[in-house]
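The values are calculated or read from the model by the stated rules, or taken from the named source; none is laboratory data. Only a predicted model underlies this, so the values are computations on that prediction, with no experimental measurement involved. FYI the Cβ positions are ideal-geometry reconstructions off the backbone, even for glycines, and counts take in every protein chain you see.
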């Protein structure tokens with residue numbers, strides 16, 4: 001259910017109260033986890049609940065969404081610009097890696113969208129935010145959507161090994177172009193694809209790459225900026241060229257099972273020209 005017009009006023013009130021406040025509100029007996037704080041903050045875009053805004057450090061908050069102004073003032077401006085029906089935010093997946101939380105969310109945010117958000121914490125409060133957003137698309141040729149699929153975090157003891165596997169895949173295959181040992185990274189018998197234009201399996205991936213080559217389109221990973229993971233899920237944040245050569249950000253979420261990738265979700269977003277940025281912090 002979308003938020004009513006009073007949601008915007010309520011959330012803005014919470015922002016106004018927080019600006020200039022440097023102390024963390026009393027959380028009572030049990031402090032929420034970083035993951036719980038992020039889920040509450042994103043959900044507050046729909047509900048208008050004020051308390052989650054207090055999880056943001058008003059003196060240090062750095063914004064990397066280039067369409068949003070820096071600090072709490074930028075956050076408030078987004079809330080103020082909400083359409084009459086308000087926003088919708090449904091967190092489908094949430095993960096925690098040290099001081100970072102990353103989420104996979106279904107939005108109605110100036111239209112239906114899917115997004116990955118990454119938050120960094122210091123001293124229990126959010127001090128930095130990155131994201132990648134894309135328009136929601138119909139199911140892909142295998143009937144999978146941009147958000148469906150497993151959500152359960154498993155294999156916590158394999159987090160670092162899974163992160164290293166995915167890092168190697170991105171650096172060697174996606175950046176280096178070496179597909180000679182692809183099945184060492186991807187399970188060919190169980191590779192579920194959620195990109196809206198690509199079918200399951202290595203055959204679907206191959207067909208998509210052939211389509212790009214035949215039509216003079218580009219899919220080029222130039223730089224891997226960050227690898228985050230929890231258990232069997234790993235997120236990478238990369239930069240490169242896409243489509244007709246647009247400077248783009250690639251956020252890829254992988255599910256790993258028994259040492260190989262078995263599922264993939266992604267969001268690709270064009271990085272605007274610097275003259276269009278509303279903050280000076282850069283995309284990454």
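Things worth noting here:
- Odd one out for residue 268, checked against (1) within 14 Å of the chain's Cα centre (by Cα); (2) surrounded by 19 or more Cβ atoms within 10 Å (Cβ to Cβ): (2)
- Single residue of segment 130-156 satisfying the filter (in contact (Cβ under 8 Å) with a residue 24 or more places away in the chain and over 17 Å from residue 93 (Cα atoms)) that is surrounded by the fewest Cβ atoms within 10 Å (Cβ to Cβ): 138
- Of residues in segment 206-262 being farther than 20 Å from residue 172 by Cβ and in contact with a helix residue (DSSP H, G or I) (Cβ under 7 Å, 6 or more places away or on another chain), the one surrounded by the most Cβ atoms within 10 Å (Cβ to Cβ): 230
- Looking only at segment 74-121, residues that are out of contact with any helix residue (DSSP H, G or I) (no Cβ under 8 Å at 6 or more places or on another chain), in contact (Cβ under 8 Å) with a residue 12 or more places away in the chain, farther than 23 Å from residue 152 by Cα and not in a loop (DSSP other than H, G, I, E, B) come to 3 in all.
- Selection within segment 157-172: residues that are touching a strand residue (DSSP E or B) at 6+ places or on another chain (Cβ under 7 Å) and farther than 30 Å from residue 279 by Cβ. The member of this set that is surrounded by the most Cβ atoms within 10 Å (Cβ to Cβ) is 162.
- Subset of segment 173-194 [in contact with a strand residue (DSSP E or B) (Cβ under 7 Å, 6 or more places away or on another chain) and closer than 19 Å to residue 232 by Cα]: 185, 186, 187, 190, 191, 192, 193, 194
- Among (1) under 13 Å from residue 34 (Cα atoms); (2) crowded, with 18+ Cβ neighbours inside 10 Å, the one test that residue 79 misses: (1)
- Of the set (1) outside the structural domain of residue 263 (by TED's automatic domain parsing); (2) in contact (Cβ under 8 Å) with a residue 60 or more places away in the chain, all apply to residue 167 but (1).
- Selection status of residue 203, exposed (fewer than 14 other Cβ atoms within 10 Å of the Cβ) and under 30 Å from residue 60 (Cα atoms): no
Conditions tested, residue by residue: (1) touching a strand residue (DSSP E or B) at 6+ places or on another chain (Cβ under 6 Å); (2) under 20 Å from residue 93 (Cα atoms); (3) modelled with pLDDT of 90 or more.
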| site | (1), (2), (3) |
| --- | --- |
| 19 | no, no, no |
| 27 | no, no, no |
| 36 | no, yes, yes |
| 51 | no, no, yes |
| 55 | yes, yes, yes |
| 59 | no, no, yes |
| 67 | no, no, yes |
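- Condition check for residue 80: modelled with pLDDT under 95 and more than 21 Å from residue 131 (Cβ to Cβ): no
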